[in-house]
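Novice: There's a structure below that I have some questions on.
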Amino acid sequence: MSQPAPDNLADRRFHADPHPSYAQWRRDGPVREVRVASGAIVWLVTRYDDARKVLTDPRFSKRGPGTGHPSDAIGRALSSHMLAVDPPDHTRLRRLVSAAFTARRIEALRPRISQITTSLLDAFPRTGSFDLIDAFAFPLPIQVICELLGIPADDRDSFRAWSNIIVGGVAYQAEFPGAAQAMVAYIRGLIDARRTDPGEDLLSGLIEVRDSADRLSEDELISMVFLLLIAGHETTVNLIGNGMYLLLSRRDRWETLCADPSLVPTAIEEFLRYESPVETATFRLTTEPVELGGRTIPANAPVLVGLLSANRDEDRFADPDTLQLDRPQNPHLAFGHGIHYCLGAPLARLEAQIAFAALASRYPSLRLAVPESELTWRPGLLLRGLFTLPVTAAP
């Protein structure tokens, strides 16, 4: 018998609302071949337990047998970071930056994050509509990560544009080479400037490790800065944007949160589960044939873990399609699992807690400024987030 045609993840209808497709696949074929926007066929894992297995099983490698590093300089500079390699390189690279993301150091950032949040809210228009993502969800985390790294936030619009293209997949295929080159050139410039005039920031510390102890190659240094800059804001932008969309699309949810700010921490975990800001984990390759979900994935096959799908798995979460702001026991996979668990998760949570609490306190009258049907989701399988979130507010 011939195999059925792969499901097409490039379909615009899928990106507009992928949840019905994921629910069907969890029932009818939780491990399946799908076609992505590039035309390639990959394996998609949709159930929670299978997802956790892939995220911890060393047979699902970041490099895979015989793949090595990209041959071009730009490719190497953007893919030599800890998220793209296996141990022992992953262990070495993660250790070099983990000290900057301990719970104590992240908590020490609370006053500054609160200060940035207040200044952004103070700049909200007094009347009329504005884009909550442009005005708040993007500038908050980008300013925080820029200050942590020690790079000028004035350049944020440039690397926002590059980031959108780089993580946007095939939808930006034509623009990708230029954006990648521009991003690498920008990071090289930052590194050169910090070598001449070092500071107390994370970038200066990474350069010192590279130049003094030689524990980072130049490609690894550039790639680490790239990862911290992109991952340091993209997840939080989508967390705040998706969360506010979920709250404002049903006014009773927003009113509930405004009336009881103590719900903010559990509400954030529910936003992470219900509309995960990262839709799929980055690609893995099988090092040998693997039995999973009733299928045999062959060796050297590309595998995607559907985090968005796993977080709605009926076998793991009660009433998974119901948003519960006070949901107890919420072991979602929005930040991944295993050795590649998101290093910046504590920072994203802190930024979100401060952001949602401040918005609820100062702008309980916040409303969507357009019909929900006019909102559009960013393309690509990696991230799950809206392009814009037009709102109307009164202090």
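Novice: Counting residues that are at pLDDT below 90 and within 23 Å of the chain's Cα centre (by Cα), which helices (runs of 4 or more DSSP H) fully inside the stretch 52-128 reach at least 2? Reasoning before the result, please.
Specialist: Values: elements: 73-78, 89-98, 103-107, 110-122.
Passing ranges, in order: 73-78, 89-98, 103-107.
Novice: Would you confirm, using the coordinates I've provided, whether Leu333 is assigned to a loop (DSSP other than H, G, I, E, B) and either without any contact (Cβ under 8 Å) to a residue 24 or more places away in the chain or not β-branched (Val, Ile, Thr) (or both)? Steps first, please.
Specialist: Details: assigned to a loop (DSSP other than H, G, I, E, B): yes; either without any contact (Cβ under 8 Å) to a residue 24 or more places away in the chain or not β-branched (Val, Ile, Thr) (or both): yes.
Answer is yes for this residue.
Novice: Checking Val34 against (1) touching a Leu at 6+ places or on another chain (Cβ under 8 Å); (2) within 24 Å of Met82 (Cα to Cα); (3) outside any helix (DSSP H, G or I); (4) at pLDDT 90 or above, which single condition isn't satisfied?
Specialist: With (1) touching a Leu at 6+ places or on another chain (Cβ under 8 Å); (2) within 24 Å of Met82 (Cα to Cα); (3) outside any helix (DSSP H, G or I); (4) at pLDDT 90 or above applied to Val34, the lone miss is (2).
Novice: While we're looking at this one, here's another question. What is the number of the single condition among (1) over 19 Å from Pro141 (Cβ atoms); (2) in contact with a Cys (Cβ under 9 Å, 6 or more places away or on another chain); (3) of a type outside the set (Phe, Trp, Tyr) that Gly336 does not meet?
Specialist: (1)
Novice: Whether any residue in the stretch 130-140 is in contact with a Phe, Trp or Tyr (Cβ under 8 Å, 6 or more places away or on another chain), under 30 Å from Gly75 (Cβ atoms) and free of Cβ contacts under 8 Å to residues at least 40 places away in the same chain is what I want to check.
Specialist: No, the stretch 130-140 contains no residue that is in contact with a Phe, Trp or Tyr (Cβ under 8 Å, 6 or more places away or on another chain), under 30 Å from Gly75 (Cβ atoms) and free of Cβ contacts under 8 Å to residues at least 40 places away in the same chain.
Novice: Go through the stretch 10-69 residue by residue and tally those that are of a type in the set (D, E, K, R), surrounded by 13 or more Cβ atoms within 10 Å (Cβ to Cβ) and more than 16 Å from Glu291 (Cα to Cα). Steps first, please.
Specialist: Filtering the stretch 10-69 down to residues of a type in the set (D, E, K, R) leaves 11-13, 17, 26-28, 32-33, 35, 47, 49-50, 52-53, 57, 59, 62-63.
Checking the rest, the ones that are also surrounded by 13 or more Cβ atoms within 10 Å (Cβ to Cβ) come to 11, 26, 32-33, 35, 47, 49-50, 52-53, 57, 59, 62-63.
Subsequent filtering for residues that are more than 16 Å from Glu291 (Cα to Cα) retains 11, 26, 35, 62-63.
Adding up the residues that qualify gives 5.
Novice: Another question about this same structure. Give me the pairs: first residue in the stretch 75-94 and in contact (Cβ under 8 Å) with a residue 60 or more places away in the chain, second residue in a loop (DSSP other than H, G, I, E, B) and of a type in the set (D, E, K, R), beta-carbon distance under 7 Å, and six or more apart or on different chains, which are they?
Specialist: Ala84/Lys62; Arg92/Arg215
Novice: Still on this structure: If you check every pair at least six apart or on different chains, which have Cβ atoms under 6 Å apart with a residue in the stretch 285-298 that is more than 20 Å from Arg47 (Cβ to Cβ) first and a residue that is assigned to a strand (DSSP E or B) second?
Specialist: Leu285/Ser61; Leu285/Pro302; Thr287/Ser61
Novice: (1) out of contact with any strand residue (DSSP E or B) (no Cβ under 8 Å at 6 or more places or on another chain); (2) among the polar types (S, T, N, Q); (3) over 27 Å from Asp86 (Cα atoms); (4) surrounded by 15 or more Cβ atoms within 10 Å (Cβ to Cβ): which one isn't true of Ser262, the others all being true?
Specialist: Unmet for Ser262, out of (1) out of contact with any strand residue (DSSP E or B) (no Cβ under 8 Å at 6 or more places or on another chain); (2) among the polar types (S, T, N, Q); (3) over 27 Å from Asp86 (Cα atoms); (4) surrounded by 15 or more Cβ atoms within 10 Å (Cβ to Cβ): (4).
Novice: Can you pull out the residues in the stretch 265-292 that are part of a loop (DSSP other than H, G, I, E, B), modelled with pLDDT of 95 or more and surrounded by fewer than 22 Cβ atoms within 10 Å (Cβ to Cβ)?
Specialist: Within the stretch 265-292, Thr287, Glu288, Pro289 qualify.
Novice: Looking for something of a type in the set (Asp, Glu) and at positive phi - is there at least one such residue anywhere in the stretch 198-213?
Specialist: From the stretch 198-213, those of a type in the set (Asp, Glu) are 200-201, 208, 211; that's our starting set.
From the residues that got through so far, the ones that are at positive phi too are none.
For the stretch 198-213, residues of a type in the set (Asp, Glu) and at positive phi: absent.
Novice: Name the residues in the stretch 19-28 that are more than 28 Å from Gln173 (Cβ to Cβ) and in contact (Cβ under 8 Å) with a residue 24 or more places away in the chain, would you?
Specialist: Taking the stretch 19-28 and keeping what is more than 28 Å from Gln173 (Cβ to Cβ), we get 23-24, 26-28.
Of everything in the stretch 19-28, those that are more than 28 Å from Gln173 (Cβ to Cβ) and in contact (Cβ under 8 Å) with a residue 24 or more places away in the chain turn out to be Ala23, Arg26.
The values are calculated or read from the model by the stated rules, or taken from the named source; none is laboratory data. What you are looking at is a predicted structure, and each value in this text was computed from that prediction instead of being measured. Note that each Cβ is placed from the backbone with ideal geometry, even for glycine, and that neighbours are counted across all protein chains shown.
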